[in-house]
Amino acid sequence: MILFLLICLLQLGAFIAWFFGCWRPGAPRWVAIVVLTLEALLLIFPYRAVESIGSLPSAWFGYFYVPWIPRFGIEFYLAMDGFSLLLITLTVVLGFIAVSSSWAEIKHRQGFFYFNLLSCLAGTVGVFMAIDLFLFFFFWELMIIPMYFLISIWGHEDRTYAAIKFFIFTQVSSLLMLLAIVALVLIHREATGVYSFGYFELLNTGLSPEAAFWLMLGFFIAFTVKLPALPFHTWLPDAHTQAPTGGSVILAGVMLKTGAYGLLRFVVPLFPDAAHQFAPVAMAMGAIGVLYAAVMAFAQSDLKRLIAYTSVSHMGFILIGVFSWNGAALQGAVITMLAHGVSAAALFMIAGILQKRLHTREIGNMGGLWSVVPGLSAVTLFFALASLGLPGLGNFIGEFLVLQGAFGVNRILTAAAALVLVLSPLYALGMMQKGFYGPCSRHDFLPGFNRREWATLGLLVFISVWLGLSPQAVLNVSAPAMQSAMEVAER
Amino acid sequence: MNINQFIALAPLTALAGTAIAVMIGIAAWRNFVLSCAIAAVGIVLSLAALGSVWPGTPVQASPLMLIDVYALFYIALLLSAGLAVLGFCYDYFKDRDGENEELPLLLLTALLGASVLAASTHFASFFIGLELLSISLFVLIGYPLNQAQALEAAIKYLILSGVSSAFLLMGIALIYAQSGELYFRGIEGYIASRDDINAMVFSGVLLVMAGLGFKLSLIPFHLWTPDVYQGAPAPISGFIATVSKGAVFVLLLRYFVSTDSYAYTPLLNVFSVMAALSILGGNLLALLQNNVKRLLAYSSIAHMGYLLVAFIAGGSVSSVLIVEPVAFYLLAYFITTIGAFGVVSVLSSPQAEADDLAFYRGLFWRRPWLAAIFTLMLLSLAGIPLTVGFIGKFYIFTGAADGGLWGLLLAVIVGSGLGLYYYLRIIVVMSMDAETVKTGFTQDWLSNVLLTVLTILLVWLGIYPSLLVNIIQSVSYDGMA
């Protein structure tokens with residue numbers, strides 16, 4: 001029941017925010033804060049359950065189950081394990097960040113804005129819990145529509161193009177996934193005689209190698225477009241750059257993780273053999289993406305575009321981690337998801353703050369900001385370092401574990417991907433150098449962070465350091481889930 | 001003909017009777033409200049008659065018509081659609097000067113033709129129904145007499161419709177010449193008795209298909225579609241897109257299943273080409289349209305292509321399994337298309353059609369509810385979850401995957417991707433900022449009620465389709481077995 005409430009609360013809050021927006025323009029953001037706080041309180045219950053999990057045979061705790069469309073054996077079936085719990089927590093935290101960064105930025109049509117923001121979060125939470133493949137697809141699509149509106153209504157100058165590109169990329173790839181889902185269900189029906197979209201039923205479908213390969217490819221493309229991995233990444237720089245700050249935070253922080261989640265939850269467990277054979281290709285895509293995006297990030301002059309490319313680079317690590325499919329690499333991928341969510345959200349928020357004050361995203365137009373706004377610059381430096389993988393911060397743990405786990409699987413690709421440790425300081429420090437150091441030419445007076453911004457970024461700094469210094473607490477939550485996923489795939 | 005058969009035809013007789021009543025009404029007292037009211041009551045009566053006939057099915061009412069659940073289900077669908085279109089027509093025409101009273105009459109005759117099509121099992125009733133429908137439509141399209149575009153559309157439709165009827169008749173003649181049968185069951189017997197494919201019958205079916213392809217506006221028989229949709233009054237465009245196409249498709253499916261023409265496998269290749277062309281061509285041609293009615297016309301071409309994919313799957317799986325996806329998809333398409341054209345017609349008047357995309361700029365902030373409804377309709381056409389269009393597309397996917405039509409499915413996916421672009425373009429335009437232009441629009445309460453009902457149906461069936469699925473399942477299993 002808690003699981004259902006988690007989604008319901010957000011969606012209901014979305015409608016309330018819209019309703020209040022018609023009544024008083026400033027009210028929706030408070031509604032959003034209240035709803036997210038309630039959501040965070042709700043999350044305490046599943047964390048309690050984690051502590052008692054040791055005795056349970058399965059990694060899953062919490063179910064919600066209602067028959068939905070019996071004709072096709074479709075069920076409204078939610079379940080949660082440690083992995084989804086962590087990602088939902090990330091979603092809620094970044095929900096706060098997104099509201100905070102939209103607080104002063106969004107002035108027009110606030111009601112509809114927060115409606116979209118909260119519906120987007122509701123869809124994402126649904127994606128992380130749906131365990132019926134039809135329901136998963138349902139939520140997968142549902143989170144795209146509000147994001148589309150966020151970009152196309154409140155975005156920057158080139159928003160229409162970016163929004164439509166984003167929508168078409170994700171939609172077409174997800175239709176491939178729908179096709180794969182339907183085909184999988186039909187094969188399962190032929191074997192057993194009943195329709196079922198349930199994850200646990202479909203896990204044991206006997207597939208011919210050829211069928212398994214094509215079906216895996218359908219899922220794989222949908223998730224790597226969302227992740228994104230190299231050939232499918234072109235929607236991302238546009239969408240991230242044009243989205244309003246709150247939208248960028250959600251996109252980079254949470255939505256990209258749904259792709260990673262899908263790879264880990266569905267692609268490998270459903271098609272273990274095909275995934276195993278495909279692993280070198282996938283890992284190569286990851287490694288090339290890591291390097292290519294780092295180089296591209298270095299070449300950007302638009303601050304948000306630069307951050308967008310660093311996201312692509314970090315997501316490459318997740319792809320490598322998932323397809324290495326061993327304990328260390330998987331845990332590394334989980335930590336990378338969380339740490340990247342935090343650091344990318346912070347960087348996008350800073351970019352939004354700078355854009356609001358300077359009316360530009362061009363790094364070339366900044367220069368010497370440190371002397372004007374030292375506090376802001378210091379925080380930026382912190383997250384730039386986090387992003388380049390400084391030991392002691394979350395991103396380092398994630399990348400280290402991924403590289404460690406992947407080394408045993410494919411040495412050449414791992415070594416190649418590790419080269420990014422040289423490239424990432426280049427873009428991160430380059431950005432700092434060009435934007436924040438040097439003589440200040442144009443900006444005599446700029447307001448620094450206000451209290452709201454300090455509080456928000458302070459929270460993110462704290463999480464980042466905490467992830468870096470004591471990752472074990474997080475690893476303990478996700479360990480049973482990863483363990484059972486690996487067992488499933490070995491069967 | 002015994003009394004049972006006569007009773008079974010009650011829905012059709014009710015319609016015909018109402019048409020006569022409207023005609024007499026007009027002769028006595030010209031009043032638009034009265035004509036519409038009589039027509040509406042007649043349609044409701046006919047629906048009620050449907051309900052009472054349902055338990056006694058199937059009844060073979062003369063060799064011409066079979067009243068089974070399949071026919072009754074689709075007649076109900078067609079009549080409901082007709083009722084909705086009548087409502088939109090009322091709001092659209094009520095402020096127009098001139099003689100509007102014949103409009104409900106023509107709608108009734110068109111509906112009668114469509115209902116005959118849904119029930120017919122014989123080439124004679126097939127042709128009579130089709131012509132009844134087409135001739136009524138021709139007048140309906142040109143109803144605003146003083147407008148060049150409408151007249152052009154009507155003439156175009158008349159001539160091309162005549163040509164396609166000629167094809168159809170030629171096809172029927174060829175089939176008859178070889179098999180000596182006009183009755184569908186008789187043709188089935190003929191096809192079953194031969195092992196090889198008969199060239200004459202084959203060409204006959206092809207010609208019939210060409211004639212029907214015109215009505216369904218499948219590529220390459222689609223050229224009239226955008227012009228006619230653009231020229232016709234908006235609610236009538238909705239009527240052509242749904243009732244006319246739906247009835248023809250229902251008949252096509254019945255013909256193929258009951259004569260077992262699926263045995264002619266080369267036909268399916270021809271259909272596959274037509275389906276792929278319609279999906280890709282319809283969507284591609286819609287991409288650059290700035291006229292909403294033309295855009296919806298091209299999108300309806302693509303949707304007929306999707307439907308044809310499910311139809312083709314009947315060649316490789318049991319044809320009973322095909323009736324179900326087709327029924328659901330048609331229903332979804334009806335709700336969505338009538339809704340979309342309903343929005344256009346609320347914004348239009350007989351003097352000025354709201355078909356230019358620029359007209360929709362900022363609609364979200366001017367008339368939020370209307371824009372929200374239109375957005376939902378467009379998302380449903382695009383097949384996005386939460387809407388009935390998604391479940392429909394899901395049905396097409398399962399049907400076609402069952403039949404192993406991977407190539408066509410790929411076309412569906414590519415087509416959907418293209419489709420998104422132009423549906424989203426309308427939504428983007430609606431959400432753009434625009435200086436608030438105070439347009440003195442009238443309150444069309446009837447249209448608003450209809451649009452609300454359609455939207456509720458769209459969302460409800462999109463979220464919880466089980467109820468409808470059960471009905472459709474019983475229809476397809478009892479009806480076509």
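No lab work stands behind these numbers, since they all come straight from the coordinates. Since this is a predicted model, take the numbers as computed values, not measurements. As a convention, Cβ positions derive from the backbone with ideal geometry for all residues, glycine included, and neighbour counts pool all protein chains shown.
Expected output is a single nm value to one decimal: the length gained when fully extending between residue B:24 and residue B:155, i.e. 0.36 nm times separation in residues minus the C-alpha distance. What is it?
44.3 nm
With each pseudo-label sitting 7 Å past Cα toward Cβ, what's the residue A:47-residue A:157 distance in nm, one decimal?
4.4 nm
Short version: ³J(HN,Hα) in whole Hz for each residue of the range A:396-404, in order, from phi by Karplus 6.51 cos²θ - 1.76 cosθ + 1.60 (θ = phi - 60°), x for Gly and Pro, what are they?
4, 4, x, 5, 4, 5, 4, 5, 4
Give the residue list of GluC sites (Glu not before Pro) in the range A:104-194 that are DSSP loop and have at most 11 other beta-carbon atoms within 10 angstrom.
Within the range A:104-194, the qualifying GluC sites (Glu not before Pro) (loop, at most 11 other Cβ atoms within 10 Å) are A:157.
Can you give the angle from 0 to 90° between the axis of helix A:133-142 and the longest principal axis of chain A, with both taken from C-alpha atoms, to the nearest 10?
20 degrees
Quick check: pseudo-label points 7 Å beyond the Cα along Cα→Cβ at residue A:37 and residue A:426, how many nm apart are they?
Inter-label distance under the simple model: 4.8 nm.
Roughly how tilted is helix A:2-23, in degrees to the nearest 10 and between 0 and 90, from the longest Cα axis of chain A?
So the helix axis and the longest Cα principal axis differ by about 40 degrees.
Given the -39500 (n - 2.57) contribution per DSSP H run of 4+ residues, what per-residue ellipticity at 222 nm results for the protein assembly as shown, rounded to the nearest 500 deg cm²/dmol? Kindly include the intermediate steps, with their values, before the conclusion.
Working: 44 runs with 727 residues, N = 972.
Only helices count here, giving -25000 deg cm²/dmol.
Please give, to one decimal in nm, the separation of the simple spin-label points placed at residue B:291 and residue B:473, each 7 Å out from Cα toward the Cβ.
Placing both labels 7 Å along Cα→Cβ, they lie 4.5 nm apart.
I'd like the Karplus ³J(HN,Hα) series for the range A:220-228: coefficients 6.51, -1.76, 1.60, θ = phi - 60°, whole numbers in Hz, and an x wherever there's a Gly or Pro.
4, 5, 4, 6, 6, 5, 6, 4, x
5 Å is the cut-off here: which amide hydrogens, built 1.01 Å from N in the peptide plane, fall below it relative to residue B:356, excluding neighbours closer than 5 in sequence?
B:292
Using Cα pairs under 8 angstrom and six or more residues apart, how large is the relative contact order of chain B, in percent?
15 percent
For the range B:177-206 and the range A:338-396, write down the distance between their C-alpha centroids in whole Å.
Comparing the Cα centres of the range B:177-206 and the range A:338-396, I get a distance of 76 Å.
R0 = 30 Å: FRET efficiency of residue B:464 with residue B:47, Cβ-based, nearest 0.05?
E(calc), rounded to 0.05, equals 0.80.
Quick check for me: using +1 on Lys/Arg Cβ and -1 on Asp/Glu Cβ, what's the dipole size of chain B about its Cα centre, in debye to the nearest 20?
In debye, rounded to 20, chain B gives about 480.
Can you give the FRET efficiency for residue A:30 and residue B:352, using 1/(1 + (r/R0)^6), R0 = 51 Å, r = Cβ-Cβ distance, to the nearest 0.05?
On the way: r = 44 Å, r/R0 = 0.86.
It comes out at approximately 0.70.
Using a 10 Å Cβ count of at most 16 others and DSSP loop calls, identify the longest part of chain B lacking such GluC sites (Glu not before Pro). Write down the numbers at each step before the final one.
On the way: sites that count: B:99, B:435.
Between the exposed loop sites, the longest stretch runs B:100-434.
Along the positive direction of the dipole of the protein assembly as shown (beta-carbon charges: Lys, Arg +1; Asp, Glu -1; about the Cα centre), which of B:109, B:255, B:465 reaches farthest?
Result: B:465, furthest along the dipole toward the positive end.
Order of B:193, B:161 from fewest to most other C-beta atoms within 10 Å?
On the way: B:193 8, B:161 22.
Fewest-to-most ranking of B:193, B:161: B:193, B:161.
Can you list which of the trypsin sites (Lys or Arg not before Pro) found in the range A:55-124 are DSSP loop residues with at most 15 other C-beta atoms within 10 Å?
Those that pass, being in a loop and sparsely packed, are A:107.
I'd like the Karplus ³J(HN,Hα) series for the range A:355-364: coefficients 6.51, -1.76, 1.60, θ = phi - 60°, whole numbers in Hz, and an x wherever there's a Gly or Pro.
Values, residue by residue: 5, 5, 8, 9, 6, 8, 10, 6, 5, x Hz.
Once amide H atoms are placed 1.01 Å from N in the peptide plane, what residues at a sequence separation of 5 or more from residue A:197, or on another chain, have their amide H within under 5 Å of its amide H?
For residue A:197, the qualifying residues are A:75.
What lysines sit close enough to residue A:257 to cross-link, taking a C-alpha to C-alpha distance under 21 Å and skipping anything fewer than 8 places away on the same chain?
Those lysines meeting the cut-off are A:165, A:226, A:304.
Report the one residue of A:381, A:328, A:413 whose Cα lies farthest in the direction of the positive end of the charge dipole of the protein assembly as shown (charges on C-beta: Lys and Arg +1, Asp and Glu -1; origin at the Cα centre).
A:381
Can you spot the aspartates and glutamates whose alpha carbon is less than 14 Å from residue A:434's alpha carbon? Ignore those fewer than 8 places along the same chain.
A:302, A:362
Using only Cα atoms and rounding to the nearest 10 degrees, what angle (0 to 90) does helix A:27-42 make with the longest principal axis of chain A?
50 degrees
Between the range B:26-102 and the range A:437-491, how many Å separate their Cα centres?
Rounded to whole Å, the Cα centres lie 64 Å apart.
Using R₀ = 30 Å, calculate the FRET efficiency as 1/(1 + (r/R₀)^6) where r is the Cβ-Cβ separation of residue A:194 and residue A:19; round to 0.05.
FRET efficiency, residue A:194 to residue A:19: 0.10.
What is the distance in Å between the Cα centres of the range A:176-208 and the range A:268-310?
After rounding, the separation between the Cα centres reads 29 Å.
Which chymotrypsin sites (Phe, Trp or Tyr not before Pro) in the range B:338-441 sit in a loop by DSSP (not H, G, I, E or B) and have at most 15 other Cβ atoms within 10 Å of their own Cβ?
Those satisfying the criteria are B:441.
Test of understanding: ordering A:24, B:361 by Cβ neighbours within 10 Å, fewest first, what list do you get?
Going from least to most buried by this count: A:24, B:361.
Report, ordered by chain and residue number, the lysines lying within cross-link reach of residue B:156, taken as a straight Cα distance under 23 Å and ignoring same-chain residues fewer than 8 apart.
B:215, B:245, B:293
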